[in-house]
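A.B. asks: What follows is a single structure, and I will ask about it in a moment.
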2 protein chains.
Amino acid sequence: MEKKFNFLEERILKDGIVKEGNVLRVDSFLNHQLDVELLENIGKEFHKRFKSEKITKVLTVEASGIAIACFVAQKFKVPVVFAKKSKSINLSDDVYSAEVESFTHKTKNTVVVTKKYISKNDSVLVIDDFLANGAALQGLISILNQAGATVAGIGIAIEKGFQPGGQFIRNMGYHLESLAIVDSMEVEPKKINFRK
Amino acid sequence: MEKKFNFLEERILKDGIVKEGNVLRVDSFLNHQLDVELLENIGKEFHKRFKSEKITKVLTVEASGIAIACFVAQKFKVPVVFAKKSKSINLSDDVYSAEVESFTHKTKNTVVVTKKYISKNDSVLVIDDFLANGAALQGLISILNQAGATVAGIGIAIEKGFQPGGQFIRNMGYHLESLAIVDSMEVEPKKINFRK
């Protein structure tokens, strides 16, 4: 018999908290407190899904992407590069940067990576904890394009399937793997529906 | 024959960049790009140094502390909690917070941990990448004191021994282990002197 839910979906059902406004809180295991065994399993799962690709680096964005990226990189035996979030306008010449606007909040953020850490010879696995509208992810892809690097794949722990980020990325032909895709949520009684 | 430098000191000598104003850049392996094998070795070393202590959680502060904390926690098989940096004045009742002022920059930062992730039954290993004047570390200790938790130990990758943070912490009787203590640096020719 096929298992109904994978390990991450099971954990979200058990410990995720649904709040008004389609907010899913996973602070107790993924975003503030980190369950290291779960992170190791996420690392293993992404390794399984992307092991046929050539991966030279894992790219993520601070802060909550770093932990997942580390355990993925541990399996691939490659370095992590984490993009920094910056508000500053005066960026030096030695960085790639992308200004991304949040569709929901209309806030602008700049993500920055020092040029010498991504080259055109890199084949990069992009990792993040959440994908909703995908502003941060778009910034990371922009940076890889600026560097002439290859986007080998994109691994997301939790995708909000009712927001358009994932669809956009798949439409553009990227190999996107989300371990849990939430199609809808209800606060009371708590209900989280995952895509099959 | 005793080895002159440990693995982290060797790496700092090889890839660390010394800048004017006693700045040590370790972006290529610890702070922006992450050498995962080095981080695993740091995790092993802290495990060796603190394995006689009871450790129930590893506490760090975003962003660059997270990676090291993950590999330490992996060896101890305990969760990581990472404190968030906040500028906001309106904090909810369900968090511990500590306002810390940088001695050097005079900037104020608030570090925040949700109460339910640290309890009085926790015996916590505090981990961070750098210790200079120690403002962030003081905030983490303040949070553990607010929670009534035990500070089981403090593990720092790189301590700037010419700034007072480490001395203050040792004077207060905490078990502080720094893998590399830089006593002085010179830009040209590059020279980094470690404490024996």
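The values are calculated or read from the model by the stated rules, or taken from the named source; none is laboratory data. The structure presented is a predicted model; accordingly, all values stated were derived computationally and were not measured. Please note: Cβ atoms are built from the backbone with ideal geometry, for glycine as well, and neighbour counts cover all protein chains shown. Surface areas here come from the heavy atoms of the whole protein model, side chains and all, with no ligands, DNA or RNA. Shrake-Rupley method; radii C 1.70, N 1.55, O 1.52, S 1.80 Å.
A.B. asks: With A:PHE103, A:PHE130 as the choices, which residue is in a strand (DSSP E or B), within 22 Å of A:LEU24 (Cα to Cα) and of a type in the set (A, V, I, L, M, F, W, C)?
C.D. replies: A:PHE130
A.B. asks: Further question on the same structure: Mind checking whether some residue in the stretch A:98-118 is among the charged types (D, E, K, R) and in contact (Cβ under 8 Å) with a residue 40 or more places away in the chain?
C.D. replies: Yes, that holds for at least one residue.
One line per residue, one yes/no per condition, for (1) among the basic types (Lys, Arg); (2) more than 20 Å from A:HIS32 (Cα to Cα); (3) touching a residue at least 40 places away in the same chain (Cβ under 8 Å):
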| site | (1), (2), (3) |
| --- | --- |
| A:GLU53 | no, yes, yes |
| A:LYS57 | yes, yes, yes |
| A:PHE71 | no, no, no |
| A:GLN74 | no, yes, no |
| A:LYS85 | yes, no, no |
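A.B. asks: State all residues of the stretch A:18-28 that are in contact (Cβ under 8 Å) with a residue 12 or more places away in the chain and more than 8 Å from chain B (Cβ to nearest Cβ); if no residue qualifies, say none.
C.D. replies: A:VAL18, A:LYS19, A:GLU20, A:ASN22, A:LEU24, A:VAL26
A.B. asks: How many residues does the stretch B:149-171 hold that are closer than 24 Å to B:VAL78 by Cβ and open to solvent by 40 Å² or more (accessible area, probe 1.4 Å)?
C.D. replies: Within the stretch B:149-171, residues that are closer than 24 Å to B:VAL78 by Cβ and open to solvent by 40 Å² or more (accessible area, probe 1.4 Å) number 1.
A.B. asks: Mind listing whichever residues of the stretch A:19-37 are of a type in the set (A, V, I, L, M, F, W, C) and crowded, with 19+ Cβ neighbours inside 10 Å?
C.D. replies: The answer is A:VAL26, A:PHE29, A:LEU30, A:LEU34, A:VAL36.
A.B. asks: Output the number of the condition that A:GLY139 fails; it satisfies all remaining conditions of (1) within 14 Å of chain B (Cβ to nearest Cβ); (2) touching a strand residue (DSSP E or B) at 6+ places or on another chain (Cβ under 6 Å).
C.D. replies: A:GLY139 satisfies all of (1) within 14 Å of chain B (Cβ to nearest Cβ); (2) touching a strand residue (DSSP E or B) at 6+ places or on another chain (Cβ under 6 Å) except (1).
A.B. asks: Within the stretch A:47-69, take every residue that is open to solvent by less than 10 Å² (accessible area, probe 1.4 Å) and either facing chain B (nearest Cβ under 9 Å) or of a type outside the set (Val, Ile, Thr) (or both) and give me the one that is farthest from the chain's Cα centre (by Cα).
C.D. replies: Looking at residues that are open to solvent by less than 10 Å² (accessible area, probe 1.4 Å) and either facing chain B (nearest Cβ under 9 Å) or of a type outside the set (Val, Ile, Thr) (or both), I get A:PHE50.
A.B. asks: Hey, could you check the stretch B:79-100 for residues that are within 14 Å of chain A (Cβ to nearest Cβ) and more than 16 Å from B:LYS116 (Cα to Cα) and say which is least open to solvent (accessible area, probe 1.4 Å)?
C.D. replies: The extreme case among them is B:SER86.
A.B. asks: Then there is this: Of the conditions (1) assigned to a loop (DSSP other than H, G, I, E, B); (2) farther than 21 Å from B:SER142 by Cα, B:SER92 fails just one. Which one is it?
C.D. replies: (2)
A.B. asks: Would you mind stating whether A:GLU186 is of a type in the set (Asp, Glu), at pLDDT 95 or above and open to solvent by 70 Å² or more (accessible area, probe 1.4 Å)?
C.D. replies: yes
A.B. asks: Looking at B:LYS4, is it at pLDDT below 95, within 12 Å of chain A (Cβ to nearest Cβ) and either more than 27 Å from B:ALA152 (Cβ to Cβ) or surrounded by fewer than 13 Cβ atoms within 10 Å (Cβ to Cβ) (or both)?
C.D. replies: No, not satisfied.
A.B. asks: Output the residues belonging to the stretch A:117-147 that are open to solvent by less than 20 Å² (accessible area, probe 1.4 Å), under 18 Å from B:HIS32 (Cβ atoms) and hydroxyl-bearing (Ser, Thr, Tyr).
C.D. replies: Within the stretch A:117-147, A:TYR117 is the sole residue that qualifies.
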